[in-house]
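What follows draws every value from the coordinates through simple rules; no lab data is involved. Here the structure is a predicted model, which means the values were calculated and not measured. FYI the Cβ positions are ideal-geometry reconstructions off the backbone, even for glycines, and counts take in every protein chain you see.
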Ligand SMILES: [Zn+2]
């Protein structure tokens with residue numbers, strides 16, 4: 001093993017405790033970069049945070065993010081209604097859902113902050129969300145670790161990006177009390193030091209500024225059913241943490257945020273069931289327009305079933321994903 005390619009022992013990022021118990025072990029079945037390695041998630045004996053321990057060093061971690069990690073995110077398709085087939089493509093549940101999922105994010109921000117303000121998206125990916133906010137009059141900035149994603153967003157959408165890991169940045173890279181809203185759409189558990197990230201976010205938010213964190217839910221029913229087969233749930237070693245709303249609330253307490261609200265339903269990830277059926281349906285023959293019609297009907301049904309399942313689980317706070325809002329408290333931590 002190369003000197004840099006190391007796994008290191010960690011302490012709890014949330015409370016600093018060294019006591020833990022084993023939670024779950026799994027190989028990197030998504031990219032199989034090191035097929036022999038099994039990664040272990042442990043649960044803190046003090047605060048209950050679930051974290052990868054030992055974890056790859058920051059340098060070694062880069063190895064686990066191949067370029068294909070970023071390719072699965074669909075880039076927007078220009079709408080051209082030339083034929084029935086094109087129309088069916090545009091009206092497909094996948095496109096419809098991604099549009100609604102994007103609208104869900106922009107509507108949430110607009111509800112929290114009535115007038116266009118300044119927004120930072122951490123883990124901004126290809127910038128679809130920031131583009132939508134920019135079109136709504138917002139002043140937007142993205143932080144994104146992937147160079148190809150950052151280049152795409154700045155070249156194609158003209159959005160300013162900082163191409164780095166938020167954990168590598170400090171207050172010197174921003175202005176204090178600058179942002180009205182900071183969003184982390186499923187980037188929280190990928191961060192090496194989420195506590196430091198939240199502390200920095202607190203410093204650069206305006207008074208009463210809000211942070212929105214979306215994450216997969218360690219309390220979800222599907223986590224128990226599908227975690228062995230679904231890389232989105234516990235994607236080791238890229239997921240360094242595995243959280244639920246209570247854990248994020250504890251993070252808020254120690255980083256200067258007041259908890260506002262948790263949402264348990266999202267169109268952004270509805271249900272693993274839909275993902276499974278859609279991947280099967282995607283292999284269907286789609287040569288003729290009626291093939292597409294059959295596929296479209298089946299995919300719509302599967303999406304609808306997934307949404308209903310997800311709605312049911314959200315009543316019991318056991319949904320696949322949750323979104324949590326925190327507000328910067330009046331007392332500044334930086335003093
Ligand atoms: Zn702890």
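Here is the figure for region 16-45: residues that are within 16 Å of the ligand (Cβ to nearest atom) and either in contact with a helix residue (DSSP H, G or I) (Cβ under 6 Å, 6 or more places away or on another chain) or touching a residue at least 60 places away in the same chain (Cβ under 8 Å) (or both) total 2. Of the residues that make up region 194-214, is at least one part of a loop (DSSP other than H, G, I, E, B) and under 15 Å from residue 242 (Cβ atoms)? The answer is no, given that none of the residues of region 194-214 is part of a loop (DSSP other than H, G, I, E, B) and under 15 Å from residue 242 (Cβ atoms). Filtered by the rule that a residue be surrounded by 14 or more Cβ atoms within 10 Å (Cβ to Cβ) and assigned to a helix (DSSP H, G or I), region 270-288 gives 272, 273, 274, 275, 276, 277, 278, 281. Scanning for something surrounded by fewer than 19 Cβ atoms within 10 Å (Cβ to Cβ), outside any helix (DSSP H, G or I) and more than 21 Å from the chain's Cα centre (by Cα), does region 289-303 turn up at least one residue? Checking region 289-303: not a single residue is surrounded by fewer than 19 Cβ atoms within 10 Å (Cβ to Cβ), outside any helix (DSSP H, G or I) and more than 21 Å from the chain's Cα centre (by Cα). Residues in region 100-109 that are buried (at least 16 other Cβ atoms within 10 Å of the Cβ) and over 25 Å from residue 69 (Cβ atoms): 108, 109. Filtering region 118-140 to residues that are over 20 Å from residue 98 (Cα atoms) and crowded, with 19+ Cβ neighbours inside 10 Å leaves 118, 119, 120, 138, 140. Just one of (1) out of contact with any strand residue (DSSP E or B) (no Cβ under 9 Å at 6 or more places or on another chain); (2) within 14 Å of the ligand (Cβ to nearest atom); (3) closer than 15 Å to residue 239 by Cβ fails for residue 50. It is (1).
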